[in-house]
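Laboratory data are not the source of any read-out in this text; all were calculated from the coordinates shown. What you see is a predicted model, and the numbers here were worked out from it, not measured in a lab. Positions of Cβ are backbone-derived with ideal geometry, glycine not excepted, and every protein chain shown enters the neighbour counts.
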Amino acid sequence: MDLGIKGRRALVCASSKGLGRACAAALAAEGVHVTMTARGTEALAKAAEEIRKANPAITVTEVAGDITTPAGREAALKACPDPDILVNNAGGPPPGDFRNWTRDDWIKAIDANMLTPIELIKATVDGMMSRKFGRIVNITSAAVKAPIEVLGLSNGARAGLTGFVAGLSRKTVIANVTINGLLPGPFDTERLRGPVAKMEAEKRGITIDQLMADRAKLNPAGRIGDPEEFGYACAFLCGARAGFITGQNILLDGGAFPGTL
Ligand code: NAP
């Protein structure tokens, strides 16, 4: 299926690894020129080179920087000032007990997972509307649908972004600019084996590999998600024919969420 976005320009934030990288790769495979960002230069250069090699007809631009800071966003927008596609992503907040979180911890989480995507939408959405094409995908979390107890910072900040977008996405679609959330359940990335997994594995006295095997067994799909699957879903939402899908929060979790809707 040709998604009809060949030659479009995408800014894919936090994309040297994991889900962001998979989105950049899937868009590049559709002929989209991609600008990729991350803080670590080595992994970013490696990911950009791999995507470049696989898609010689497109331009892949790397921008090193922290997307949650004004300087990081400015650098990303300087490299890709008029994106047709914006994929908002950043690292997730740490787990913990809300009794230990300070105001600064909350501000950091809200900055990364709510205000950064809103700032980037603000900087790009009017241009998209004037050009009558835009696709914005916010990578959030399954925690938006079913909160994860130890990830209170994530539950709160991402819910804020989701609420804001619910309103705005109904205002931009008139100009063929859609805004949707992609909600990852468990996907096999570094993040999945990070602090949350370590905390749980330690509590249960098992290894991370055992924990992952248990999680796979408990998932209705019998496995953990492959980031490539996430990238394809993102590319589909960014497709020319996906213009009637806006304000949605699409869960990719192998059926783990038990609700009917
Ligand atoms: P990952 O494998 O750890 O990759 C994170 C990517 O984001 C890396 O390229 C990292 O590079 C970059 N990054 C992180 N913070 C950044 C920042 N401040 N500025 C620029 N780049 C930044 O993580 P992932 O699993 O793909 O997760 C992506 C998002 O989905 C996170 O918010 C995570 O909480 C959420 N999520 C993931 C899962 C899952 O199962 N994987 C489930 C639910 C939600 P640098 O570190 O070099 O900057």
Taking the Cα centre of segment 51-186 as origin, sum charge times position over the Cβ atoms of Lys and Arg (+1) and Asp and Glu (-1), and report the length of that vector in debye to the nearest 20. 440
Working out 0.36 nm times the residue gap between Asp111 and Ala175, then minus their Cα-Cα distance, what length gain in nm do you get to one decimal? 20.2 nm
Mean Cα-pair separation over length for segment 120-238, i.e. relative contact order, pairs under 8 Å, 6 or more apart, %: 30
Kirkwood radius from Cα pairs of segment 130-261 plugged into Stokes-Einstein at 25 °C, 0.890 mPa s, gives D in µm²/s equal to 153
For Ile136, residues with placed amide H under 5 Å, excluding near neighbours: Leu86, Thr178, Ile179, Asn180
Please compute, for the alpha-carbon atoms of segment 104-179, the extent along each of the three principal axes and give them in descending order in Å. 42, 24, 16
In a shell of Cβ-Cβ distance under 15 Å around Ile245, excluding Ile245 itself, what net charge do Lys and Arg (+1) and Asp and Glu (-1) give? +3
Can you pull a Stokes-Einstein diffusion coefficient for segment 1-134 at 4 °C (1.567 mPa s), Rh from Kirkwood over Cα pairs, as a whole number of µm²/s? 84
Counting only the backbone N, which residues of segment 43-58 are under 15 Å from the spot 7 Å out from the Cα of Lys6 toward its beta-carbon? 55-58
Counting residues in the chain as N, plug N into 2.2 N^0.38 Å and put the Cα Rg over that result. 0.97
Pull up the DSSP beta bridges for the chain and report the antiparallel fraction as a percent, rounded to 5. 0
Which of the lysines could a cross-linker span from Lys17 if the Cα-Cα distance has to be under 19 Å and same-chain partners fewer than 8 positions apart are dropped? Lys46, Lys53
For the chain, which cysteines have no disulfide-compatible partner, meaning no other cysteine Cβ under 4.7 Å? Cys13, Cys80, Cys238
Label point distance in nm, Thr260-Glu50, each placed 7 Å from Cα along Cα→Cβ: 4.3
For the chain, calculate the relative contact order in percent as a whole number, restricting contacts to Cα pairs under 8 Å that are 6 or more residues apart. 22
List every residue whose amide H lies under 5 Å from the amide H of Gly225, counting only residues 5 or more places away in sequence or on a different chain, with H placed 1.01 Å from N in the peptide plane. Phe187, Asp188
Sorted largest first, extent of segment 9-88 alpha carbons per principal axis (Å): 31, 26, 18
Taking R0 as 35 Å, what FRET efficiency do you get between Glu202 and Asp226 from their Cβ-Cβ distance, rounded to the nearest 0.05? 0.85
Can you grab the distance from the C-alpha centre of segment 63-141 to the C-alpha centre of segment 179-244, Å, no decimals? 21
Dipole size in debye (nearest 20) for segment 1-94 around its Cα centre, Lys and Arg Cβ +1, Asp and Glu Cβ -1? 80
